[in-house]
Amino acid sequence: MTNYIKSEFYRILHTKGVFILTGVCVAVALSYVVLLWFMVSVEASTGGYFRWATTKHAFSTLEADMHIPLYLSAVMGSLIVCDDLKHRTINNSVAFGMSREQIFLAKVIVGMAVSAVCLVVTESVLIGSGYLLLEDSGAAYTLSLLKGTAACIPAWTAGLIAIISLCYMTGNGSASIWSWMLIMVAAPAVVSILGMKFEFCERLASWLLYPLISTTVPTEEWLEYSWSTAAGFLKCQEAGVIGISVFITLGILAIRRREL
């Protein structure tokens, strides 16, 4: 299994998809900070003051959109598995003695590692450029961003494993993406709407990953998130671990039943 994981890393390092995705994430983060910095000069030239050019605003904007990395986890997962489906390389791996379970778990490990690198690089660029170009609002907002990231990592991991599982389940990249959207986004949205009427649906929605990491409540200071309290943070972790367990189980069952 170790050799297979090494070969997967080698394959990824020699393909463009993951590098393009990481580059786009970094470019968007850096462009946003540069735009805020540029608006300071524009407003200053007209005698105004652009109050949004602060690390508070830059970091809190990402923290308020923690559902976006969930979508990116689906893209990353499909990049990890799509070549395997397209070229049917799983056949060769099985022929060389790899079990299907080992292949699936290796894909998950590689996907998690590559996603972690992408996350660290993107947030490092955002935080570094923010402190370099914007007004420093204090360490509290940096710590808040890091806390939100830690709270959502299990949910993002569950999203990654879900797309890998669905890829093997459907055998088609497009079908797996649409299935992922239905399971991870559309179904929780419907449950949340029903939760306005039915108490059971409201309780269920509070444990579903997408509503859990995307719900924000405006406050006098800025925004309050589901992980702002210790209980909420723990709930995000627990819901993510449940999702990981469910999708790993489904993925193993799917790859076992997949015809070669």
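Exceedance of the 31 Å cut-off in Cα-Cα distance is limited, within the set Lys56/Lys197; Lys107/Lys197; Lys56/Lys107; Lys107/Lys147, to Lys56/Lys197; Lys107/Lys197; Lys56/Lys107. Summing Cβ point charges (Lys, Arg +1; Asp, Glu -1) relative to the Cα centre of the range 47-193 gives a dipole of roughly 240 debye. Comparing mean-square fluctuations of His57, His67, His14 from a GNM of the chain with C-alpha springs under 10 Å, the top value falls on His14.
Between Glu199 and Ile109, what FRET efficiency comes out of the Förster formula 1/(1 + (r/R0)^6) with R0 = 35 Å and r the beta carbon distance, rounded to 0.05? Efficiency for this residue pair is about 0.30.
Taking all Cα pairs closer than 8 Å and separated by 6 or more residues, the relative contact order of the chain comes to 26 percent. Each label point was placed 7 Å from the Cα along the Cα-to-Cβ direction; for Ser7 and Ser124 their separation is 3.0 nm. Counting protein heavy atoms only, the chain has 68 percent of its accessible area on carbon and sulfur, 1.4 angstrom probe. Straightening the chain between Leu132 and Cys82 buys 14.1 nm, computed as 0.36 nm per residue apart minus the Cα-Cα spacing. When Met112, Met76 are compared by accessible area of protein heavy atoms, the largest-first order is Met112, Met76, using a 1.4 Å probe. Helix 67-87 and the longest principal axis of the Cα set of the chain meet at an angle near 30°.
Net length available on complete extension from Phe38 to Ile252 is 72.1 nm, with 0.36 nm assigned per residue and the Cα-Cα distance removed. For Trp37, the shell of other residues with beta-carbons less than 14 Å away shows a net charge of -2, using +1 for Lys and Arg and -1 for Asp and Glu. The range 139-169 and the range 16-43 have Cα centres spaced 21 Å apart. With the Cα gyration tensor of the range 59-200 giving a ≥ b ≥ c as the square roots of its eigenvalues, does the rule (a/c under 1.5 for rounded; else a/b larger than b/c for prolate; else oblate) give rounded, prolate or oblate? Verdict is oblate for the range 59-200. Rolling a 1.4 angstrom probe over the protein heavy atoms with all chains in place gives the chain an accessible area of 52 Å² per residue.
The values are calculated or read from the model by the stated rules, or taken from the named source; none is laboratory data. Model, not experiment: these values are computed from the prediction. With ideal geometry, Cβ positions are generated from the backbone for all residues, glycine too; neighbour counts draw on all protein chains shown. With ligands, DNA and RNA removed, areas are computed over all heavy atoms of the protein, side chains included. Shrake-Rupley method; radii C 1.70, N 1.55, O 1.52, S 1.80 Å.
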